[in-house]
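Visitor: So that we are looking at the same thing, I have put the structure below in structure tokens.
The values are calculated or read from the model by the stated rules, or taken from the named source; none is laboratory data. The structure displayed is predicted, hence computed values, not measured ones. Cβ: placed from backbone, ideal geometry, glycine included. Neighbour counts: every protein chain shown. What goes into the accessible areas is simple: the full protein's heavy atoms, side chains included, and nothing from ligands, DNA or RNA. Shrake-Rupley method; radii C 1.70, N 1.55, O 1.52, S 1.80 Å.
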Amino acid sequence: MSTNEYFPGINKIEYEGPESDNPLAFTHYDEDRVVAGKTMKDHFRFAVAYWHSFCNENSDPFGVGTRQFPWDKSSDPIDNAKFRLDAAFEFFTKLGIPYYCFHDRDLAPEGSNVAESEKNLAELVELAKQKQQETGVKLLWGTANLFTHPRYMNGAATNPDFRVITHAAAQVKAALDATVELNGENYVFWGGREGYMHLFNTDMKRELDNMGTFLRAARDYGRKIGFEGTFLIEPKPMEPTKHQYDFDAATVIGFLHEQDLLDDFKLNVEANHATLASHSFAHDVMLAAQSGLLGSIDANRGDNQNGWDTDYFPTNLYDAVEVMLILLEYGGLAPGGLNFDAKLRRNSTDPEDLFHAHIGGMDTFARGLLIAEDILNNSDYKKLRHGRYTSLDEGKGKAFENGKLSLEELRDIAAKSGEPELQSGKQELLENMINRFIR
Ligand code: XLS
Ligand code: NI
Ligand code: NI
């Protein structure tokens, strides 16, 4: 054991198969196994979220953090950022996860002015680059933290104070530089404070237009410095603001149309954000996928008894099956991936808990993939769904879909053909069928 080891006693996590009872092994995630034409590794492109796993000490509004960070060894925050990077890459390689994601401030501490913050980040990026080369671990996406610092209390790109907007721009510029330097495949905007607390003091139209203008400037800069990846917007309806502008997938798709951003932007759908918006995880994934705008996924889950962003690790097999059915039908996530934007519970304090959490998430989605493939290959799932629409496949139904029938013509068809017989939606049959495959 080297003295610089942060997870001593834990070796590389291996695939041992469904019969294994080793809690530090994969039972279903077998990265080289080919399913529906692709390896599991390529289906998921799993990523660790740097902020939850290496920066979040698990405090809550009622108590201080409970996690011990053995990498916080120095009184110098830059030194600690370097130790944290070592710990993170030790974890990534032991877990065998191919990607990670970060905010600028996760990687390096903020300086006392713009130039110093840029210098801190560049220093850590240089080291991260070396680590990536040594280990083969890659950057799924970078982003800028535009919500923690007090200056962002009234928003970042949507702040009524222009000076704050410029600071947000400085951060996004540096975070884009970092993402390009590290070959990041995507760049995320999550507008945590882009929203409002009350309309009394808010010019909503002006703020939304400024958000569009800001995003176009960021896009132009990214393309100028050679960023070829996808820009992603991550919807969330609320928290920390009362109302967040990127409310849900449907809202963001409308915004991208209105702001002429569709050529460069897609969506990063997060499970717990979709449920906060009173949708299911699958609903927002489907909405993005069917528009050709599914960029990436932040995998986690909420809690049926709690109405906030609990960010539990995803262990709900049923959710995973629903989402994998969509991913298989719509061609998957690449160049996006599945990022574990999830945190340990406050009372999960052993270093190995971080492994259990990620292993559980990876195995859940791997099982979901195997079950979804089985359903698609060996059941009437698709046939039953498509079967409900056959009257639109030909004749007048098809003419309607093609916009060839006027309202008067439709009326005349109804008058002539009389009352249609009822057609069952077959929901219970389908639900039972899906359950039979979850074995
Ligand atoms: C918070 C968001 C955040 C983004 C990245 O709710 O999920 O973690 O993914 O800024
Ligand atoms: Ni997220
Ligand atoms: Ni979240």
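Visitor: Place a +1 charge on the Cβ of each Lys and Arg in the chain and a -1 charge on the Cβ of each Asp and Glu, then give the dipole magnitude about the Cα centre in debye, rounded to the nearest 20.
Guide: 500
Visitor: Between helix 114-135 and the chain, what is the angle of the helix's C-alpha long axis to the longest principal axis, kept within 0 to 90° and rounded to the nearest 10?
Guide: Roughly 80 degrees between the two axes.
Visitor: Net charge near Lys41, counting Lys/Arg +1 and Asp/Glu -1 over other residues with Cβ under 11 Å of its Cβ?
Guide: Values: positive: Arg33, Lys38, Arg45; negative: Asp30, Glu31, Asp32, Asp42.
Charge balance in the 11 Å sphere: -1.
Visitor: Stick to Cα atoms and the Kirkwood definition of Rh, then tell me Rg/Rh for the stretch 170-315.
Guide: 0.97
Visitor: Could you pull out the pairs from Lys38/Lys383; Lys73/Lys242; Lys205/Lys404 whose alpha carbons sit more than 31 Å apart here?
Guide: Violating the 31 Å limit, Cα to Cα: Lys73/Lys242; Lys205/Lys404.
Visitor: Okay, next question. Could you look at the chain and say what percent of its accessible area is carbon and sulfur, using a 1.4 Å probe and all protein chains?
Guide: 50
Visitor: Given the options Leu140, Asn80, Gly111, identify the residue whose Cα lies farthest towards the positive end of the charge dipole of the stretch 10-147 (+1 on Cβ of Lys, Arg; -1 on Cβ of Asp, Glu).
Guide: The Cα lying farthest towards the positive end belongs to Leu140.
Visitor: When the chain is treated as a GNM, springs tying every alpha-carbon pair under 10 Å, which of Asn306, Asn145, Asn159 comes out with the largest mean-square fluctuation?
Guide: Among Asn306, Asn145, Asn159, the largest mean-square fluctuation in the Gaussian network model of the chain belongs to Asn306.
Visitor: Using mean Cβ contacts within 10 Å as the protection proxy, how do 206-212, 223-229 order, highest first?
Guide: Top of the packing list down: 206-212, 223-229.
Visitor: Right, next: Tell me the mean residue ellipticity at 222 nm calculated for the chain from its helices only (DSSP H runs of n ≥ 4, each -39500 (n - 2.57), averaged over every residue, nearest 500).
Guide: Here the helix-only value at 222 nm equals -14000 deg cm²/dmol.
Visitor: Evaluate the distance, in nm, between pseudo-label points positioned 7 Å from the Cα of Arg216 and of Gln133 along their respective Cα→Cβ axes.
Guide: 4.0
Visitor: With just the Cα atoms defining each centre, how far is the stretch 331-367 from the stretch 96-157? Give it in Å.
Guide: 21
Visitor: Hey, another quick one. Roughly how big is the stretch 1-156's charge dipole about its Cα centre, with Cβ charges of +1 (Lys, Arg) and -1 (Asp, Glu), in debye to the nearest 20? Kindly include the intermediate steps, with their values, before the conclusion.
Guide: Details: 16 positive and 24 negative charges, 71 e Å.
Approximately 340 debye in magnitude.
Visitor: Out of the stretch 353-439, which GluC sites (Glu not before Pro) are coil in DSSP terms and have no more than 12 other C-beta atoms within 10 Å?
Guide: Glu394, Glu421
Visitor: Let me ask something else about it. If you build the Cα gyration tensor of the stretch 19-142 and take the root of 5 times each eigenvalue, what three semi-axes come out, in whole angstrom, biggest first?
Guide: On the way: eigenvalues 180, 73, 32 Å².
Semi-axis lengths for the stretch 19-142 are 30, 19, 13 Å.
Visitor: Take the Cα pairs of the chain, get the Kirkwood Rh, then feed it into Stokes-Einstein at 10 °C and 1.306 mPa s and tell me D in µm²/s.
Guide: On the way: Rh = 23.5 Å.
After rounding, the answer is 68 µm²/s.
Visitor: Could I ask something else about it? For the chain, with a Gaussian network of springs between Cα atoms less than 10 Å apart, report the residue from Phe162, Phe340, Phe200 with the top mean-square fluctuation.
Guide: Phe200
Visitor: State the answer as a single residue: which of Gly63, Tyr50, Val35 lies farthest towards the positive end of the charge dipole of the stretch 10-125, with beta carbon charges of +1 for Lys and Arg and -1 for Asp and Glu, about the Cα centre.
Guide: Of the listed residues, the answer is Val35.
Visitor: Tell me the label-point distance for the pair Asp380, Asp209, using the 7 Å Cα-to-Cβ offset, in nm and rounded to one decimal.
Guide: Simple spin-label model gives 5.6 nm for this pair.
Visitor: Could you give the alpha-carbon Rg of the stretch 279-406 over 2.2 N^0.38 Å, rounded to two decimals?
Guide: Details: Rg = 18.7 Å, N = 128, 2.2 N^0.38 = 13.9 Å.
Dividing the Cα radius of gyration by 2.2 N^0.38 Å gives 1.35.
Visitor: Output the 0 to 90 degree angle, nearest 10, between the alpha-carbon long axis of helix 281-290 and the longest principal axis computed from the alpha carbons of the chain.
Guide: Helix 281-290 sits roughly 70 degrees off the main axis of the chain.
Visitor: Among Gln171, Gln290, Gln305, which one shows the highest mean-square fluctuation when the chain is modelled as a Gaussian network with alpha-carbon springs under 10 Å?
Guide: Gln305
Visitor: Identify, among His279, Asn183, Phe92, the residue whose Cα sits farthest towards the positive end of the charge dipole of the chain, taking +1 on the Cβ of Lys and Arg and -1 on the Cβ of Asp and Glu, with the dipole about the Cα centre.
Guide: His279
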